[in-house]
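Enquirer: The structure's right below; bear with me while I get my questions together.
The values are calculated or read from the model by the stated rules, or taken from the named source; none is laboratory data. The structure presented is a predicted model; accordingly, all values stated were derived computationally and were not measured. Methodologically, a virtual Cβ is constructed for each residue, glycine included, from the backbone with ideal geometry; neighbour enumeration extends over all protein chains shown. Protein only, heavy atoms only, side chains kept; ligands, DNA and RNA dropped before computing areas. Shrake-Rupley method; radii C 1.70, N 1.55, O 1.52, S 1.80 Å.
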Amino acid sequence: MDFPPELVSFLRAASHITVLTGAGVSQESGLRTFRDAQVGLWAQYRPENLATPEAFLNNPKLVWDWYAARRERADTVEPNPGHYALAELSRIIPRLSLLTQNVDGLHARAGSPSVIELHGSIRKVRCFDCGVYAETWQDDGQNVPKCSCCSGLLRPDVVWFGESLPRAALESAVEAARTCQAFFSIGTSGLVQPAASLAHAARNRGAVIVEINLEPTPLTPKCDYAFHGKSGEILPELIQVVWKEQTSG
Ligand code: OAD
């Protein structure tokens, strides 16, 4: 991949870079992106119809099982070179703000020290009724586990369609978008708000916008640079060219 020399010098001098990742970054680990067709048992459902509070109220066991299957799948895969490259970048530049829409926990497993999980995490649950959080629970496989405080149903601690993002995470993300010198949008279709608007917030404050995606997205026309290909290939190459070749002379 050819990286324009002016981008390379700009990134070398940058002290704060913000990165927003989406499901595409985990695709090379073997996790299906959100808008890929589902497989097996789940092929008959559209994720958009499972990831809602209404779907949970209507059929809690179905929604719980879908997340249990996703959690199980996430547990069996490994971070890929794209995740590792971002973890490495956090050790190279003075400030890397890593924002993700992914709920799979792979950035943290790759060693990224602080990840802002805009859409929550499948590793945690909370009570649908009283909101108490839990990181462990008993699942007998038959029933949706219940809250130890109020016996309400436990739900995954993820953001569903129609729900607000966790306030602190969103505030940190907006601050990171507004104060960075370069904003990377990686492996996301840019269709879901408010995450999709972060690139625009960064752009309005003068940040250079860079996209890495297999294909063009609605953000592409607004980007200063767009690289089409796999993030697990482009990111390690970019880090090599921008930061490592410089230090090795
Ligand atoms: P999508 O499934 O909408 O988009 C994945 C994007 O990754 C697409 O644009 C692909 O072209 C791109 N892609 C796939 N493989 C790639 C690879 N190896 N390298 C680079 N790019 C690749 O996933 P998101 O944009 O993450 O929200 O979806 C955003 C949100 O929509 C999700 O967090 C979820 C969903 O609704 C909620 O559940 C609230």
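Enquirer: Tell me, what are the semi-axes, in whole angstrom and largest first, of the equivalent ellipsoid of segment 126-165 as set by the roots of 5 times the Cα gyration tensor eigenvalues?
Expert: 19, 12, 9
Enquirer: At a 10 angstrom cut-off on C-beta neighbours, averaged per residue, how do the peptides 190-202, 19-31, 68-80, 3-15 rank from highest to lowest?
Expert: Per-residue mean Cβ counts within 10 Å order the peptides as 19-31, 190-202, 68-80, 3-15.
Enquirer: Using only the alpha carbons, work out the radius of gyration and Dmax of segment 111-196 in angstrom.
Expert: 15.9, 50
Enquirer: Summing -39500 (n - 2.57) over the DSSP H runs of n ≥ 4 in the chain and dividing by its residue number, what mean residue ellipticity at 222 nm do you reach, to the nearest 500 deg cm²/dmol?
Expert: The per-residue figure over the chain is -9500 deg cm²/dmol.
Enquirer: How fast does the chain diffuse by Stokes-Einstein, in µm²/s, taking the Kirkwood radius from C-alpha pairs at 4 °C and 1.567 mPa s?
Expert: 68
Enquirer: I need the calculated FRET efficiency for the pair Cys149 and Arg71, taking r as the beta carbon distance and R₀ as 22 Å, to the nearest 0.05.
Expert: 0.45
Enquirer: I would also like to ask the following. Taking springs between alpha-carbon atoms closer than 10 angstrom, which of His16, His107, His228 fluctuates most in the Gaussian network model of the chain?
Expert: Of His16, His107, His228, the most mobile in the Gaussian network model is His228.
Enquirer: Accessible area per residue for segment 1-122 in Å², computed with a 1.4 Å probe and the full protein assembly in place, what is it?
Expert: Each residue of segment 1-122 exposes 45 Å² on average to a 1.4 Å probe.
Enquirer: If you look for lysine pairs in the chain that are eight or more places apart or on different chains, how many of them have Cα atoms under 21 Å apart?
Expert: Going through the chain pair by pair, I get 5.
Enquirer: Which of the three applies to segment 26-142, rounded, prolate or oblate, going by the alpha-carbon gyration tensor with a ≥ b ≥ c and a/c under 1.5 meaning rounded?
Expert: Cα axes put segment 26-142 in the prolate bin.
Enquirer: Please check which bits of segment 69-98 a label hung off Glu175 would reach, taking the label as a point 7 Å along Cα-to-C-beta and the cut-off as backbone N under 15 Å.
Expert: The answer is 95-98, whose backbone nitrogens lie closer than 15 Å to the label point.
Enquirer: Carbon and sulfur atoms: what percent of the 1.4 Å accessible area of segment 14-173 do they account for?
Expert: Carbon and sulfur: 49 percent of the exposed surface of segment 14-173.
Enquirer: Separate question: Which whole-number percent gives the relative contact order of the chain, counting Cα pairs below 8 Å spaced six or more residues apart?
Expert: Reported relative contact order: 23 percent.
Enquirer: Mind listing the long-range amide H neighbours of Cys150? Cut-off is under 5 Å, sequence gap 5 or more, other chains count too, H placed in the peptide plane at 1.01 Å from N.
Expert: none
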